[in-house]
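Some notes on the structure that comes next.
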Amino acid sequence: MSAAQDFCFVEVALPVPMRRLFDYRCPKSTALIGARVRVPFGKQDKIGLITGVKDHSQWESDKLKSVVEVLDDTPVIDSASYSLLKWASNYYCAPIGEALFAALPANLRNGKAQTLQMIKYWQLAESLADDDNFAEACASIRRAPKQQNVLLRLKEQPCPHDKLRKDVSLAVINALTDKGWIEAIERVPSINDAWATQLDISGSHRPNVEQALAISGLNACKGFSPFLLEGVTGSGKTEVFLQSIERHLLNSQQVLILVPEISLTPQTIKRFESRFGIEVDSWHSGLTDNERHLVWQKSRRGEAAIVVGTRSAVFLPFKNLGMIIVDEEHDSSFKQQDGFRYHARDLAIMRAKELNIPILLASATPSLESLNNALTGRYQHLQLSSVAVSTPNSSKDIIDMRQMSVEQGISEQLKARIHWHLQQNQQVLLFVNRRGYAPAIECADCGHVEMCKQCDNPFTVHKSTQQWHCHYCGAVKFATRYCSHCGSNNLKTVGFGTEKIEEKLNQMFPEHNVARIDSDAVRSKSKLQEMLDKIHANEYHILVGTQILAKGHHFPNIAMVAIIDVDNALFSADFRGFEYLAQLITQVSGRTGRAGSKGEMWLQSSQPEHPLLQDLLMNGYSHFARTALPERRAAGLPPFHYQVLIRTEAVKIENAVGVLQELKQMFHMKQSVAQGSVQLIGPFPALVEKKQGRMRMQLLLSSGSRQLLHRVTHNFVDSLENSKLAKKVRWSVDVDPVDFY
């Protein structure tokens, strides 16, 4: 065999913003579809994925570069996953390389071995192997409970360094090391593959009639079938999850549960582990690269029975996946907003269809897209209209801010209601959809507002860190006492955020503990869990938080919730603004009245007669959503029309506008009868027009035909890739956009 015959040509997908594959020469003996390769690309080497092997290339053989190294002898992406990702790449008009690499954990994207690597563990030193020595050591540090807890934890089993560091500081670990009581070892992470034998389903609860109907409908499903579970808050949706999962676990099938927020994973995991007696794995951005690699391996080998994960968990490989659940399916967090702009809920539906398995979408406030699919018969519609535990009707009302004295966002009436509930030893929750101390700082003498120069938006004041933050580009500036325009020291904050509300509540109710829960206060999963545990122990009486608190949490002692300011959302420029506000109000109201007692909800507004607020208070989300659907149809908006948003960014606004005008002119020049069914709106500025020093413009494509819209979009993408003017701007394509920021 000649040297030339020893080689073949491989098509390689690379994680670059180019919508094409690249040909390389590769030894036939190592060419494997789905394997990673290290290849020369430009002036550097990159990790790529082999997507095809062929005997001939359209390019001249002697001009093609050779693969530097084949990294795998087994594929990292199987044929089923490749099929799904190829479809997603086409649907979302994304480069195939970006789509494929989004499905891999960071370790594999960076070229590390598929097999799990040795990692650092902590274990008890041999000197504490004797029970008497261990007891004596624990007694000697009784005033150091964190050190004690580490010893007790390691007595059960060794713990990975990364996991231990999430719960205790390095100082605690070093103190125990200095005493000679713990030691570090290197070993491959342990994997438990015996979950099927450990499964315990004896703790099943007896469902009520509505739950039983939903469970029987799910259990009767054979093959692919999408379900929408629409259940009011507290109606027992989780119990439906648990009992529908049982059948799959008993058949040794795995289950994937998608949740929108990291904050929801700990309580979900705890509930599922206690019910089934097996380990439940989590997947989210708070894990280390090694932890994510371990979950990836476990799910791929069939050693993870249940995985609870955020958006990107939809890509995890499974040996025998039997069911997918998407909890809080309406949440916009399921949409990736940069890079590969996929929607995890919609991809989960496609994955279930490919695997011929059932998928359950669940929400107390379903998106209008999913609700329309259920009402028109595309999804099976399951409804839970009553709460699982008999509860007196919770009241909902509006505080009219126009005739009320207000102290930093808290009205007299709201203050009185908080005081009354605290006297009853009950908890209250105040929702503020704005973190930080205040959304702006202004000079009282000249009226100048301190702005982020990169975004032309006011700085948000963060008093706890003495900094000003831009919440759009992330710029940080240390707080000053003087106006940058006139030099006056008479600066004042405008508006309020969670920090200011927390400060005011501490002044109003000094004898009660206030917990602030937002992304600034709980930067780690362990910190969040610590605060949630204290809330359940009634150590905090007043809770102030953003949407972290609004979703899915069960706080049995909360008797009152209040949304401090609903008016901003009433006048949103986004056509989905009313839908998001209705979902938010309903989700927040569901945090009260959950333990068999009556709860109350208050909305502070200067627009108390607004028809949306009145409709929600009188009729609830279900009525609002069913009323909104015909309005959307009449307006030619989703879910009855489909949308694609093309965004451009440039330092010079004329470049950002010019590219979109070029596309529009091309469209009109080639317009046919079919293309006439696609409407082009714009160019128009993004709602945040300037960000990180770049001007941002948008062009919206809308059509009642999804197929036609995608054909036009792909033509636009081809034009953008070949346009000289487009090379001067950053551009992106967002299929099925969920916001216009």
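Read the figures in this text as sums done on the coordinates, not as results from a lab. What you see is a predicted model, and the numbers here were worked out from it, not measured in a lab. Note: ideal-geometry Cβ built from the backbone for every residue, glycine included; neighbour counts use all protein chains shown.
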>> List the residues, sorted by chain then number, that are 5 or more residues from PHE7 or on another chain and whose placed amide H is less than 5 Å from its amide H.
In response: LYS28
>> If you average the C-alpha positions of the stretch 604-678 and of the stretch 400-472 separately, how far apart do those two centres end up, in angstrom?
In response: 31 Å
> Over the stretch 4-109, one equal point on each Cα, no solvent: what is log10 I(q)/I(0) by the Debye formula at q = 0.13, 0.22 Å⁻¹?
Replying inline: -0.43, -1.23
>> Taking the Kirkwood radius as the inverse of the mean 1/r across Cα pairs, report the Rg/Rh of the stretch 1-60.
In response: 0.96
> Which of the peptides 512-518, 273-279 is most tightly packed, and how do the rest follow, going by the mean number of other Cβ atoms within 10 Å of each residue?
Replying inline: 512-518, 273-279
> Per-residue ellipticity at 222 nm for the chain, helices alone: DSSP H runs ≥ 4 residues times -39500 (n - 2.57), over residue total, nearest 500 deg cm²/dmol?
Replying inline: -10000 deg cm²/dmol
> Of the listed peptides 12-23, 432-443, what is their order by residue-averaged count of other C-beta atoms within 10 Å, with the highest listed first?
Replying inline: 432-443, 12-23
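How much length would be gained if the chain were fully extended between GLU186 and LYS319, taking 0.36 nm per residue of separation minus their Cα-Cα distance, in nm to one decimal?
Contour length minus Cα-Cα distance gives 45.0 nm.
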>> Sequence gap of 8 or more, or different chains, plus Cα separation below 24 Å: how many lysine pairs satisfy both in the stretch 18-95?
In response: 13
> Any idea how far apart TRP420 and ALA144 come out in nm if each label point goes 7 Å out from Cα toward Cβ?
Replying inline: 5.2 nm
> Based on the mean of other beta carbon atoms within 10 Å per residue, what is the order of 87-97, 329-339, most packed first?
Replying inline: 87-97, 329-339
> Which cross-chain or sequence-distant (5 or more) residues have an amide H under 5 Å from the amide H of ILE33, H modelled 1.01 Å from N in plane?
Replying inline: none
> What is the Å³ per residue value for the convex hull set by the Cα atoms of the chain?
Replying inline: 216 Å³
>> Can you give me the convex hull volume of the Cα atoms of the stretch 119-187, divided per residue and expressed in Å³?
In response: 76 Å³
> Just for the Cα atoms in the stretch 538-688, what are the lengths along the principal axes, largest first, rounded to whole Å?
Replying inline: 65, 38, 28
>> For a distance above 23 Å, tell me the whole-number percent of Cα pairs in the stretch 124-244 that qualify.
In response: 57 percent
> Stretch LYS120-ARG706 to full length: gain in nm at 0.36 nm per residue minus the Cα-Cα span?
Replying inline: 205.9 nm
> What Kirkwood radius, in Å to one decimal, follows from the Cα pairs of the stretch 642-735?
Replying inline: 13.3 Å
> Where the centroid of each part is defined by its Cα atoms, how far is the stretch 104-177 from the stretch 38-59 in Å?
Replying inline: 43 Å
> Short version: what are the Cα gyration tensor semi-axes of the stretch 485-603, square root of 5 times each eigenvalue, largest first, in whole Å?
Replying inline: 26, 22, 14
>> Just want the answer: with Cβ charges of +1 for Lys and Arg and -1 for Asp and Glu, which residue in SER89, GLY52, GLY34 is farthest toward the dipole's positive end in the stretch 4-109?
In response: SER89
> Which order do THR177, THR713, THR592 fall in if you start with the one that has the fewest other Cβ atoms within 10 Å?
Replying inline: THR177, THR713, THR592
> Between ALA475 and LEU375, how many nm apart are label points set 7 Å from Cα along the C-beta direction?
Replying inline: 4.5 nm
> Can you give the Rg and Dmax of the stretch 164-314 based on its C-alpha atoms, in angstrom?
Replying inline: 18.5, 60
> Which FRET efficiency, nearest 0.05, do CYS446 and ASP130 yield, Cβ-Cβ r, R0 60 Å?
Replying inline: 0.20
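My understanding is that a pair violates if its Cα-Cα distance is over 23 Å; which of LYS477/LYS691; LYS396/LYS527; LYS396/LYS534; LYS163/LYS527; LYS166/LYS534; LYS453/LYS724 do that in this structure?
Going by Cα-Cα distance, LYS396/LYS527; LYS396/LYS534; LYS453/LYS724 fall outside the 23 Å limit.
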